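Engineer: I'd like to ask some things about the structure below.
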Amino acid sequence: MKKSLLLLFFYFLHVFVLASADPVYDSFVQCFTENKIPDSQISSILYTPENPSFTNVLESYVRNRRFNVSTTPKPNIIVTPTSEAHVSAAVLCAKKLGIQLKIRSGGHDYEGISYVSDTTFVILDMFNFRSINVNMEDETAWVQSGALLGELYYRIWEKSKVHGFPAGVCPTVGVGGHISGAGYGNMLRKYGLTVDHVIDAQIVDSNGRVLDRESMGEDLFWAIRGGGGASFGVILAYKIKLVPVPPTVTVFRLEKSVDENAIEAVFQYQQVVDKLDNDLFIRVLLQPITRNKKRSVRATFIGLFLGDSTRLLSITGSEFPKLELKKSDCHEMSWINSVLFWGNFDNTTSPNVLLSRNPDSVNFLKRKSDYVKTPISISGLESLFKKMVEIGKVGMVFNSYGGRMSEIPESETPFPHRAGNIFKIQYSVNWNEEDEEADNKYVDQIRQLYSFMEPFVSKNPREAYLNYRDLDIGTTNNGKNSYSEGQVYGVKYFKSNFDRLVRIKTTVDPENVFRNEQSIPVQPFRGRKARK
Ligand SMILES: Cc1cc2nc3c(=O)[nH]c(=O)nc-3n(C[C@H](O)[C@H](O)[C@H](O)COP(=O)(O)OP(=O)(O)OC[C@H]3O[C@@H](n4cnc5c(N)ncnc54)[C@H](O)[C@@H]3O)c2cc1C
Ligand SMILES: *[C@@H]1O[C@H](CO)[C@@H](O)[C@H](O)[C@H]1NC(C)=O
Ligand SMILES: *[C@@H]1O[C@H](CO)[C@@H](O)[C@H](O)[C@H]1NC(C)=O
C-alpha cells in the first residue's frame, strides 16, 4: 500500500517535472523512461525550445550563418547524450516514433544538414563525447566523435613531437562528420585520406546496439569510412593509427598577381603537382581582388613539405620553376606549428589555441566541389580568370592529388576519387549580409562559376566530395527513401561504390532510421520486404 502510494507520487512528480506542451517531447520522455533512462538524467540531456539554454546549445555548433536565421527550421528536441545508453535510447525512440534524428558532431556540414531539416526532427548532439586517448606504445588513438581535429592534433603533440595525423586543416572540424565522410588534409599525398588510417570504430546501430569493428563486420566498417556516418548509425568513436612526421617541416605561402605570371604558374602547377615528391603538398587559392582600382585574380600557393627547406627548394627548382620559390619564402618549424600556420594563426600563437572549440568568426557561406583529370590550357585559365572577375566574389581552392592517393584502389573505401585526379577544386564564397537578396546573389554566383567550369572537370559522373556537402547536386525527399533520387548524388560522391553502400544500408538499416537529404537509400524491393 505504502509502496504503491510512493509510486503514484513519483508518477505525478514525473509528469509534473517532465511534461510539456509538445507531444513529440512527451513521447520521447516516455520512450526514454521505457528504455530505463532515469528521470534525473532525462531532464538534463533533453532540451526543448522552452528551455532557456536551448538556443545556446543549438547555436554552439552552427558553422554556417545561413542556417542561423529566423526562418531556419528548429528541432523539437536536442538530445545531448553523456552515455552510450542515452545514444541507444535516442536511436530507438526516434525509430519507434518515426521522427527524424539529425546527428551532429562538429557542425561543419556546409549545408547544415546535421542540425536543420524540413520535417519534424530531433538533434542528437555529440559534443559530450569528446575524449581522446593517445597510446604511444602502438601509435594509435581512440577519439570520440565529438572531439575536434585541433584537440586531436594537440593530444598527439603532447605525447610525441614526431607523430601526427593526416586529417583536415581547419581545427574546429568535428571527428564524427569528418572521418565518416573520408577526410583529407595537407598530408594527403604522403599518407592518403584520414580513413586510410582508421583501424576500429564504435557505433550505435539502428537497433540501438553498441558495436565495434568485429561485431559490426567488415561491410559496415567499410561503409563508415567515407560513406557518411549519418546513413548507417551513430559513430561513438574511431580508433586511428598515427603517422610519423619529421621534427622539422617547411611551409610557404606565396602570392602571385597576373603580372607576376600567376597564369603560367597555375598552368605549370597542373603539369607537375600530382607527380612531385610525396612529401610535398601544394594548395592554390584563386581569389578575385581589386588592386589600384583594377579587378583581377590573385593566385596564392600554400605548401607543406615534410622535410627541410634545402630539399624543398631543390624539388621546386627543378620540377616547378614557375613557382619561383625562394629560401626567404620558406619557414621551417615543427609539425604542430605547421598546423597553426595552415589554420591561419600568426606565428606567435601557442598550440593551446587548438583546444579552443570556437572559431573566431562564422560566415554565411556556400561551397561546391569538382575534380580535374586533365590540365586546363593557358587560354582556358585566361578565360577562367576573366570569368571570376566578371562573376564577382567566388574563389577557388585547388588541392593537389597523386602520390599515395593514386596507389589506393577506388574500392578500398567508399571515397572513389583516387588515381587519375590531378587536383580537386573547392568553390568558395563567403558573405556577411544577412538577407535573402545576398543569399540568392552569392549562391547564384557560385553556381555560375560551377557551370562555367563544366568543360574542364570530370564527367559521367561529374564527381563531388561528400564532405563538401552540396545539395545542388541532388537530394532525396526526407524519409521517402527513393533509390532513383539517391542514385543521382550517390554516383557523384561514390561512383561505383554507391551500389555496395546501398546493399550495406539495406542490410543494416532496412527501415531507414538514419536518413537525411543525401543519405544512402535502401534498395527498392528488398527494403520494402525487410520492413515487414
Ligand atoms: C571551415 C571548414 C574547413 C574544412 N576543412 C576541411 C578539410 O581540410 N578537409 C576535409 O576533408 N574537410 C574539410 N571540411 C569539411 C568537413 O570535413 C565536413 O564538413 C565534415 O563532415 C564535418 O564534420 P563535423 O562533425 O564537424 O560536421 P557535422 O555537421 O556535425 O556533421 C556532418 C555530417 O556527418 C554526420 N555526422 C556527424 N557526426 C556523426 C556521428 N557521430 N555519427 C554519424 N554521423 C555523424 C552529420 O549528420 C552530417 O551528415 C571543412 C569544413 C569547414 C566548415
Ligand atoms: C546566431 O544568431 C544569433 C542571433 O542573431 C547570434 O547571436 C549568434 O552569434 C549567431 N551564431 C552563429 C554561430 O552564427
Ligand atoms: C613571425 O612573423 C613575423 C611577421 O611575418 C616575422 O617577422 C618573424 O620573423 C616571424 N617569426 C618567426 C619565429 O618565424
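Since every read-out is calculated from the coordinates, none of them should be taken as a lab result. Keep in mind the model is a prediction, meaning the values are calculated, not measured. Cβ placement follows ideal geometry from the backbone for every residue including glycine, while neighbour counts extend to all protein chains displayed.
Engineer: Quick one: helix 436-452 against the long Cα principal axis of the chain, what's the angle to the nearest 10°, folded into 0 to 90?
Structural biologist: Helix 436-452 and the main axis of the chain meet at about 50 degrees.
Engineer: Going by C-beta contacts inside 10 Å, put 388, 136 in order with the fewest on the left.
Structural biologist: Numbers: 388 23, 136 12.
If I rank by nearby Cβ atoms, fewest first, I get 136, 388.
Engineer: While we're looking at this one, here's another question. Which of rounded, prolate or oblate describes segment 22-123 when judged by the alpha-carbon gyration tensor and an a/c cut-off of 1.5? Don't skip to the answer; put the middle values down first.
Structural biologist: Numbers: a/c = 1.76, a/b = 1.72, b/c = 1.03.
Here segment 22-123 falls in the prolate category.
Engineer: On a 0 to 90° scale, report how tilted helix 497-508 is relative to the longest principal axis of the chain, with both axes built from alpha carbons and the result rounded to the nearest 10.
Structural biologist: The answer is roughly 10 degrees.
Engineer: Then there is this: What FRET efficiency would be calculated for the residue pair residue 346, residue 496, taking the C-beta separation as r and a Förster radius of 45 Å, to the nearest 0.05?
Structural biologist: Values: r = 45 Å, r/R0 = 1.00.
Step by step, r from the Cβ atoms, then E = 0.50.
Engineer: Here's a follow-up. Enumerate cysteines in the chain without a disulfide-compatible partner, where compatibility requires another Cys Cβ under 4.7 angstrom.
Structural biologist: 170, 330
Engineer: Once both axes come from the Cα atoms, what is the angle between helix 2-18 and the longest principal axis of the chain, in degrees from 0 to 90, rounded to 10?
Structural biologist: Long axis of 2-18 versus the principal axis of the chain: about 40 degrees.
Engineer: Relative contact order for the chain: what percent, with Cα pairs under 8 Å and sequence separation of 6 or more? Display every interim value, and only then the final one.
Structural biologist: Values: 1085 pairs, mean separation 75.6, N = 532.
In percent, rounded to a whole number, it is 14.
Engineer: Through the Karplus equation 6.51 cos²θ - 1.76 cosθ + 1.60, θ set to phi - 60°, convert the phi angles of segment 35-44 into ³J(HN,Hα) values in whole Hz; use x for Gly and Pro.
Structural biologist: Result, ordered by residue: 8, 6, 8, x, 3, 4, 6, 4, 5, 9 Hz.
Engineer: So, in nm, how far is label residue 74 from label residue 41 when the simple model puts each one 7 Å beyond its Cα toward the Cβ?
Structural biologist: It works out to 2.7 nm between the two label points.
Engineer: Based only on Cα atoms, what mean projected area does the convex hull of the chain have, in nm²?
Structural biologist: Averaging across all directions leaves 26.7 nm² for the Cα convex hull.
Engineer: Something else now. Under 18 Å between alpha carbons, and skipping anything fewer than 8 positions from residue 161 in its own chain: which aspartates and glutamates qualify?
Structural biologist: Straight-distance partners of residue 161: 137, 138, 139, 151, 279, 308, 332.
Engineer: With the cut-off at 13 Å, report for segment 86-138 the share of all Cα pairs above it, as a whole percent. Don't skip to the answer; put the middle values down first.
Structural biologist: Numbers: 898 of 1378 pairs.
Looking at segment 86-138, the distances longer than 13 Å represent 65 percent of pairs.
Engineer: To the nearest 0.05, how large is the calculated FRET efficiency for residue 84 and residue 59 if R₀ is 25 Å and r is the Cβ-Cβ distance?
Structural biologist: After rounding, the FRET efficiency stands at 0.40.
Engineer: Grab the DSSP H runs of the chain that are 4 residues or longer, score each as -39,500 (n - 2.57), total them, divide by all residues and round the 222 nm result to the nearest 500 deg cm²/dmol.
Structural biologist: -10500 deg cm²/dmol
Engineer: Report the relative contact order of segment 132-244, percent, no decimals, based on alpha-carbon pairs under 8 angstrom and at least 6 residues apart.
Structural biologist: 32
Engineer: If you take the square roots of the eigenvalues of the alpha-carbon gyration tensor of segment 400-532 and sort them as a ≥ b ≥ c, do you get rounded (a/c under 1.5), prolate (a/b over b/c) or oblate?
Structural biologist: Oblate is the answer for segment 400-532, as a/c is 1.5 or above yet b/c matches or exceeds a/b.
Engineer: With a Förster radius of 30 Å, plug the Cβ-Cβ distance of residue 27 and residue 199 into 1/(1 + (r/R0)^6) and report the FRET value to the nearest 0.05. Mind showing how you got there, number by number?
Structural biologist: Numbers: r = 39 Å, r/R0 = 1.31.
For residue 27 and residue 199, the calculated efficiency is 0.15.
Engineer: To continue, here is another question. Hey, what's the Kirkwood Rh for segment 132-244 if you take every pair of different alpha carbons, in angstrom?
Structural biologist: Over segment 132-244, the inverse of the mean reciprocal pair distance is 13.9 Å.
Engineer: I would also like to ask the following. Quick one: length gained pulling residue 291 to residue 333 fully straight, 0.36 nm per residue minus the C-alpha distance?
Structural biologist: Between residue 291 and residue 333, full extension yields 11.9 nm more.
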